[in-house]
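Take a look at the structure below.
The values are calculated or read from the model by the stated rules, or taken from the named source; none is laboratory data. Remember, it's a predicted structure, so these values are computed and weren't measured experimentally. Virtual Cβ from ideal backbone geometry, glycine too; neighbours counted across all protein chains shown.
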Amino acid sequence: MKTTAWRTRGVSLIEALVALAVMAFGLLGVVGMQATLRSNSDVSKQRAQAVRIAQQEVENLRAFEQLASGGVANFADIADVAGQVVVDPNLITNATYTRSVVVMPAAMAASAPKLKTVTLRVTWQDRAGQTPEISLVSSIAGIAPELAGSLGLPGDRSPAQRPLGRHVAIPPGAVDQGDGTSIFAPPGAPPGLTWVFNNTTGVITSLCLPAAPCVASDLLVLSGHVRFATGAAPTPAEGEFPSDAALPGVGVAVDLTVPAVSTETCFKQAFATHVSYFCALPTTALPPSKWSGRAVLTGLPISAALADVNAARYKVCRYTPAQNHVPPLGNTSHPLDYVNVTGPLANQNFLVISAGDGAVAFDCPADGPSAFINSNTYRHQPLL
């Protein structure tokens, strides 16, 4: 009888313990990693909430409703805020946030921008007992809320922003011909005289008369309005909204120096409280077409000096953003002398004031501090 020996195979107790020990060390690493991930996730969530709190406060400060102090949110009252506990039912983290505001105002002089630099700091305590902090820095401009919509307008006044899709210098009364041109009969011109404008450039390309072929031209229009504040000494408010009656006989002429020395009389249309004027000015033959000169008011007894106090004489002010004869934007800002004008100009407006009251000489009104438009004027006739 043969006996068969069986081999017993299996895992010894020592091998099992070693395997459990290796697995235990691995699991400890996984547990540590999970704890780290949880902590990092918690910190990330807290930081995101802190950024949201700071951004929300910046937008709240931007959303002022007026510039001066009052009963509503306003630019003037944007000031420092010490550590303030944030109460927000939408917060979903397990931290308490503290918010502070530091405001650095810029100079508020007339020549400086009204600007405040705001630093928002948000702090909180995390699980490790540390106090992290995030900061946001932003600038808030003191621009009247009424003008907020203008921030969406392109600086180049693209065709989408032009009246009737045409160049801004083309008078609104011009009739679109449907071929890229508009025709306009300037008020006060000889019967039947019309100007043909290029809708894109605003240049007068033709002059037309009845029963005669149109004559090709290269003329640049200069237009605007003359308003009147001829009562007492004019104030900034009267400069912004002049309402005195228009004086009879007032006109506008342009004393040209380029392309040649000459005087061009402008066409005009008189209304109850203002006079509108339209000038078609010749330009140089060689490109770029341009002209230079000075626009002056006619038909008035104008003072010979700024010191004149005679109530029977008048002074002429021009609307311009600068208290000098060379505005920062050159020709478009209505200077004393136009230099090398290469495009049409509109809204070149004037204000007529009395020379004085017999004892005190009047001067051109500056822009009012609370006005939301720039109504600044500067002396034009006389200059000294």
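Do we have Gly202 as in a helix (DSSP H, G or I) and crowded, with 19+ Cβ neighbours inside 10 Å here? First the steps, then the outcome.
Numbers: in a helix (DSSP H, G or I): no; crowded, with 19+ Cβ neighbours inside 10 Å: yes.
The answer is no for Gly202.
Could you identify the single residue in Ala232, Ala270 that is surrounded by fewer than 20 Cβ atoms within 10 Å (Cβ to Cβ) and touching a residue at least 60 places away in the same chain (Cβ under 8 Å)? Explain how you work it out, then say what you get.
Values: Ala270 fails: touching a residue at least 60 places away in the same chain (Cβ under 8 Å).
Answer to the check: Ala232.
Test Ala246 against the criterion of being at pLDDT below 95, touching a strand residue (DSSP E or B) at 6+ places or on another chain (Cβ under 9 Å) and of a type in the set (A, V, I, L, M, F, W, C), and give yes or no.
Details: at pLDDT below 95: no; touching a strand residue (DSSP E or B) at 6+ places or on another chain (Cβ under 9 Å): yes; of a type in the set (A, V, I, L, M, F, W, C): yes.
No; evaluated as a whole, the condition is false for this residue.
Got at least one residue in the stretch 237-247 being out of contact with any helix residue (DSSP H, G or I) (no Cβ under 8 Å at 6 or more places or on another chain) and assigned to a strand (DSSP E or B)?
The answer is no; no qualifying residue exists.
State which residue is modelled with the lowest pLDDT when the search covers only the stretch 49-78 and only residues that are closer than 19 Å to Leu136 by Cα and surrounded by fewer than 12 Cβ atoms within 10 Å (Cβ to Cβ).
Across the stretch 49-78, the extreme among qualifying residues is Ala63.
When the stretch 283-305 is examined, which residues are found to be surrounded by 14 or more Cβ atoms within 10 Å (Cβ to Cβ) and assigned to a loop (DSSP other than H, G, I, E, B)? Write out each step before concluding.
If we filter the stretch 283-305 for residues that are surrounded by 14 or more Cβ atoms within 10 Å (Cβ to Cβ), which is where we start, we get 283-284, 289-300, 302-303.
Of everything in the stretch 283-305, those that are surrounded by 14 or more Cβ atoms within 10 Å (Cβ to Cβ) and assigned to a loop (DSSP other than H, G, I, E, B) turn out to be Thr283, Thr284, Ser289, Lys290, Gly299, Leu300, Ser303.
Among all residue pairs at least 6 apart or on different chains, which show Cβ distances below 9 Å where the first residue, located in the stretch 355-383, is crowded, with 19+ Cβ neighbours inside 10 Å and among the aliphatic types (A, V, I, L, M) and the second is part of a strand (DSSP E or B) and modelled with pLDDT of 95 or more?
Between residues of the stretch 355-383 that are crowded, with 19+ Cβ neighbours inside 10 Å and among the aliphatic types (A, V, I, L, M) and residues that are part of a strand (DSSP E or B) and modelled with pLDDT of 95 or more, the close pairs are Ala355/Ile302; Ala355/Tyr314; Ala355/Lys315; Ala355/Ala361.
How many residues are without any contact (Cβ under 8 Å) to a residue 40 or more places away in the chain and crowded, with 18+ Cβ neighbours inside 10 Å if we restrict to the stretch 306-333?
Adding up the residues that qualify gives 2.
Which residues, counting only those in the stretch 316-350, are out of contact with any helix residue (DSSP H, G or I) (no Cβ under 6 Å at 6 or more places or on another chain) and part of a strand (DSSP E or B)? Even if it seems obvious, please write down each step before you answer.
First, pick out the residues of the stretch 316-350 that are out of contact with any helix residue (DSSP H, G or I) (no Cβ under 6 Å at 6 or more places or on another chain): 316-319, 322-326, 328-337, 339-340, 342-350.
Result: Val316, Cys317, Arg318, Tyr319, Val339, Asn340, Leu345, Phe350.
In this structure, does Ala189 turn out to be in a loop (DSSP other than H, G, I, E, B), modelled with pLDDT of 95 or more and more than 30 Å from Gly358 (Cα to Cα)?
Details: in a loop (DSSP other than H, G, I, E, B): yes; modelled with pLDDT of 95 or more: no; more than 30 Å from Gly358 (Cα to Cα): yes.
In short, no.
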